[in-house]
1. State which entries of Lys150/Lys480; Lys290/Lys399; Lys501/Lys540; Lys165/Lys540; Lys193/Lys290; Lys240/Lys334 exceed 20 angstrom in Cα-Cα distance in the structure shown.
2. Would you mind computing, in nm to one decimal, how far apart the modelled labels at Phe392 and Ser418 are, each placed 7 Å from Cα along Cα→Cβ?
3. Measuring with a 1.4 Å probe in the full set of protein chains, what accessible area per residue, in whole Å², belongs to the range 413-507?
4. For Lys367, go through the lysines and keep the ones whose alpha-carbon is under 18 Å away, minus same-chain ones fewer than eight residues off.
5. Put a dot 7 Å past each Cα toward the Cβ at Tyr484 and Glu546; how far apart are the dots in nm?
6. Any idea of Thr333's accessible area? Nearest 10 Å², probe 1.4 Å.
7. Over the range 86-212, give the accessible area per residue in Å² for a 1.4 Å probe, as an integer.
8. For Arg522 and Lys315, compute 0.36 nm times the residue count separating them, minus their Cα-Cα distance, and round to one decimal in nm.
Amino acid sequence: MRRSQLIFTLLLYAFLLGLGFYFRVPENYGGVPWFGWLVLGAFAISLGASLILLDAAQRRRQILSSSSEAEGEESARHETSKLPPVEFDPGRPSYPHPVINPQTCIGCHACVEACPHDVLAIVNGLAAAVAVDQCMEDTSCQVECPTSPKSCIVVNTSKVIRERKVPTRDQRFMTNVPGLYLIGDVSGVPMIKNAINEGGAVIDHISEDLRQREDDGATQYDVAIIGIGPAGLSATAVAKQRGLKYIAIEQDQVVSTIRQAHQAGKMLYFKPEAVRVTGGIPLPDAPAPKEVMMQAWMDSIRSQQLQINEFERCKEIKPDGGAFVVTTEQDRTKQVMQYRTRSVLLAIGNRGTAMRLKVRGEELKIKVTPTEAVLPLFCEACRAQRAGQDHFCQACGAKYVGHIPAPFDEHKVKYRLSDPNDFQGRHCLVVGAGNSAVEVALDLAAYRSADSARIVGWRDNTVTLVVRSDFKSDLRLLNKMLVYECIDEGRIEAYFQTTVKEISEMEVVLMDAHDTVPEKAREKARLKNDYVFALIGGDKPTAFLESLGIVVG
C-alpha cells in the first residue's frame, strides 16, 4: 500500500466514524459493538503499516539487486553521468544507438573508425550519428572514444562496455618505468593540438628530472625521442630550445602519419578550440588544409635546424644502469646503431607498423621521372597561400614559377595512400579485405562525393583488388556497396581466395591463397603493374610497450 492510499483510507474511516456518531447510530450498529469498530480500525491501520514496510523492504531488495547486476557496467554509466545535460529529444529511438556530445567531442575519428556499420561520420569537424537505424549495438565506438568523460555514449544498451586499454603514465607523462616517458596518440588521445602541447610540456618535466639525477658521464644524449609525429617534432624543437642533447629517430619520414593518413587538400580541425598551442611547432588558429599545416612544420624544422634521423627503426630499448641503450636499424643501409641516453621519450603513435606481404620483390624500388611542374605552396611575392592550380596569386596577382623535380627512386610497394592524384593512369594492385584496403581501391578507381557516399566520376587507372578469402565481416555497408558498384562497372577487378606470389618491376604474379609455399604454388594470374598497395593491417605497439615493462590496461 502506498502512502497516499493509506492516508485516503484513514480519512475515509474517520469520515465514516464521525458520520455515525453525528447521526447517533445504534450502539451495535451493523451488529458490531463500538469496541469492535475500534478493533477493526486498529486492524486496518496495522495492515496498512505492514504493507508499507513490506513494500519498502521489497524496493530495497530490488535496488540492491540492480546495483549488483550493474557492477560490470558501472564505469560506463559513471561516464554517462558526467556528461553535460542533453536536451530531451522526444523523437529519439528507444533501441540502442550512439549519442555524441558535441561539447566534448574532439573530432579524432576514433569512434567513426571503430563503427563497422556506418552509423557515425565526421561532420564539420565533429562526430555525428548519421544513420542510427543501422546501429547493431557494437559499442566499440564508446570503447574507443578517448575523451574523459566519453563523448560517444551508446544509449539503451544492456551490454557491458569494456574499458579502453591505454598505457600507464603519470601527470608528468612518465610511465611506470622510471626515465621512460610517453606522449601523443599512443597515450590514448589522438589529437594534433594535444600532441603538440604534450611534446612541449614533457621536455620541461624531463629537464627537471635530469637535474635531480646524477649523470655517470658515459651517456651520449639527455633524451632519445622515438617517433617524430606532431608530438615528437614538438618535443624535438623544445629539447633544442632547452639546450638538451637529443637524438630524434623516425622509422619513416617526419610526421609520416599526418602526411599519409590524410589525403591532399583535406581540411583539418584542431580541437579543443579553447586550448591554445604551447608546444614547439606552430598550428593554424582555424581549420586549415593539411598542406598549410605541413608547410608550417617544415619551415619550423629548417628555421630551427632540427636534426632528425629519418628511415631509422627502433628495434630495442634496454635499461643500462641509470640510463638506456637504444638500438636502431637504418632502413636504407641496414646498419645497426646504438645510442646511450639518460631518458627515452616514446611518441610512436597508435597505428603501429604496417604488416608486410613477405614476398619476393617487396623491397623493390622503381625510378620515377616527374613530368609536371611543382608549384610552391605560398606566393613568393606576398606569402599568401596559393589557391588551386592557377599560376597566378589571387592576393597580389604575381605569377608562380614552378620547377620539375629531378628523377628519384621510390618503393614500389606502398602501405598507405596519401594522394590518389599521384597515381593517375597507373596499373595499381591493392591487397586487403578491410575498410582501409577497399577505400584505397575506391579512391584509385573513382572520384567520390564530398561525403564519400556515392561515386561521381572515374579515374584513368587500372585497379585490381586482391582478397585472401572474402571481405571482412566489419566492412562498412557503404564501402561494400561502392566496391561492388566499381566491380560491376569493370573499374575494379577483384580476385578472391588469392594472394601475391611475387612482385617484379613491371608485373605482379598472383597465386591461390590455399597454397602455403610460394615457390611451389601454381601461378593464378600475371598482371601488368606499376604500384602495389598493401593494406593488410598493422602491428599495434602494445606488445612493444609491454616488452619495455610498461603496463597497458
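1. Lys150/Lys480; Lys290/Lys399; Lys501/Lys540; Lys240/Lys334, as the Cα separations exceed 20 Å there.
2. It is 3.1 nm.
3. On the way: 4410 Å² over 95 residues.
Per-residue accessible area for the range 413-507 comes out at 46 Å².
4. Lys412, Lys414, Lys528
5. Rounded to a tenth, the inter-label distance reads 3.8 nm.
6. 90
7. Here the residues of the range 86-212 average 45 Å² of exposed surface.
8. So the chain would gain 70.9 nm between Arg522 and Lys315.
The values are calculated or read from the model by the stated rules, or taken from the named source; none is laboratory data. Given the structure is predicted, the values throughout are model-derived calculations rather than measurements. Here the Cβ is made from the backbone with ideal geometry for all residues, glycine too, and neighbour counts use every protein chain on show. All accessible areas refer to the heavy atoms of the entire protein, side chains included, with ligands and DNA or RNA removed. Shrake-Rupley method; radii C 1.70, N 1.55, O 1.52, S 1.80 Å.
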